[in-house]
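Working notes for the structure below.
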Amino acid sequence: MENKPLVVGNWKATKTIEETIDWVKKAKRGLEEAKKADIVLCAPFTSLPFLVSLFQDTNVKVGAQDVSKFKKGAYTGEVTVEMLDGLVSHCIVGHSERRKYFGETDDNVIEKVKLLLEFKITPILCVSDLNQLNSYIDRGKEIIENYDKIVFVYEPPNAISGGDAYRPDNPEDASKNAGLIGEKLGKKVVMLYGGSINSENVVSFFSKPNIDGGLVGQASTYPDEFVRIFDSIKLIGPK
C-alpha cells in the first residue's frame, strides 16, 4: 500500500471569513484532485466551521492551530478541546511562534497533547530539537505511550517563514535531524518537516527517507501556490 505524504497547511493569523471562502473557491478543485498526498488545513478558529462545511465529503481534513491547556471553565477567551470536538480532526501544538510570542512552555504543550488524545483529536506536535523532545518525554509519558496517535514535526525555529529572516535546513540535514528524533522515540513515527516548504523545494524534502510530509506555513496561505505543492508531489517516486 502506498504511503502518502501528509501535508498540513498552517494559515497562522491570516484569513477573514470572506478571505477563507475565496481561498477555498480558488483551491478546492486542485486539492480534490490531489490523490498523492493526505491534506489537513489548520486555520484560525473563526474559519474552521466554514472550512468544515466547504470541504465536507472531500479528501481535505480540517485542523486547529492551537487549543487551550484547560479542559473547561472560567478562562475567558480560551478555546477548549471540547469546543473542537466534532469540528476538527487534528490540532497543532507547541509551534515555535506560540513559544516566542506567548510564552508557552513544554508543560503547557504536554497538557494540550493529553487533552487532544482524550478527545481523539490528532496532535501535530512541533519539536525544535532533541533537547526539546527529551523535555517532552521526561515531563509527559503520554508522548511515548501514544506515539502512534501523534504526528511529529521537526520544526527548527530559524527555518519558519515569517516576518523575520529565516533559513530552511537543507534537505539532508532536515532528514538527519528528523531521523534522530524518530530514533529517540524508539518507534516508527509520522515525522513531518516544518520550515518554509513551497512548490519549488517540496520534492527535495519529501523524497528524503525520514520525512513523511510537511507543515506548510506561508505557502499555504496562497491557494495557487498550495495547489502547486501537490503538483510537485506527483514527481516523487517511491522511497
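The values are calculated or read from the model by the stated rules, or taken from the named source; none is laboratory data. For clarity, every value in this text was computed on a predicted model and none was experimentally measured. Quick reminder, even Gly has a Cβ in these numbers, built from the backbone with ideal geometry, and neighbours come from all protein chains shown.
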Next on the checklist: Test of understanding: among V203, V127, V153, V216, which residue is of a type in the set (V, I, T) and surrounded by fewer than 22 Cβ atoms within 10 Å (Cβ to Cβ)?
Outcome noted: V203
Checklist entry - Looking only at residues in the range 48-69 that are part of a loop (DSSP other than H, G, I, E, B) and free of Cβ contacts under 8 Å to residues at least 12 places away in the same chain, which one is surrounded by the most Cβ atoms within 10 Å (Cβ to Cβ)? => result Q56
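Scan the range 4-11 and give yes if some residue there is on the phi < 0 side of the Ramachandran plot and loosely packed, with under 15 Cβ neighbours inside 10 Å, otherwise no.
Step one: list which residues in the range 4-11 are on the phi < 0 side of the Ramachandran plot, which gives 4-11.
Then keep just the ones that are loosely packed, with under 15 Cβ neighbours inside 10 Å; that gives none.
There is no residue in the range 4-11 that is on the phi < 0 side of the Ramachandran plot and loosely packed, with under 15 Cβ neighbours inside 10 Å.
Quick check: is even one residue across the range 83-93 buried (at least 18 other Cβ atoms within 10 Å of the Cβ), within 25 Å of L235 (Cα to Cα) and hydrophobic (A, V, I, L, M, F, W, C)?
no
Answer yes or no: is there a residue in the range 124-138 that is over 23 Å from V113 (Cβ atoms) and among the β-branched types (V, I, T). Even if it seems obvious, please write down each step before you answer.
Our first condition is that a residue be over 23 Å from V113 (Cβ atoms); within the range 124-138, this holds for none.
No, the conditions are met nowhere in the range 124-138.
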Checklist outcome for this item: Selection over the range 100-149 where residues are assigned to a helix (DSSP H, G or I) and closer than 20 Å to L41 by Cα yields a count of 5
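In the range 81-98, which residues are within 25 Å of S220 (Cβ to Cβ) and out of contact with any Asp or Glu (no Cβ under 8 Å at 6 or more places or on another chain)? If you could, list the steps in order and put the result at the bottom.
Keep residues of the range 81-98 that are within 25 Å of S220 (Cβ to Cβ), which gives 81, 83-98.
Correct list: M83, L84, D85, G86, L87, V88, S89, H90, E97.
Among the residues of the range 108-118, are any surrounded by 15 or more Cβ atoms within 10 Å (Cβ to Cβ), hydrophobic (A, V, I, L, M, F, W, C) and at pLDDT below 95?
We begin by selecting, within the range 108-118, every residue surrounded by 15 or more Cβ atoms within 10 Å (Cβ to Cβ); these are 108-117.
So of that shortlist, the ones also hydrophobic (A, V, I, L, M, F, W, C) come out as 109-110, 113, 115-117.
Next cut, at pLDDT below 95 only: none.
Scanning the range 108-118, I find no residue that is surrounded by 15 or more Cβ atoms within 10 Å (Cβ to Cβ), hydrophobic (A, V, I, L, M, F, W, C) and at pLDDT below 95, so the answer is no.
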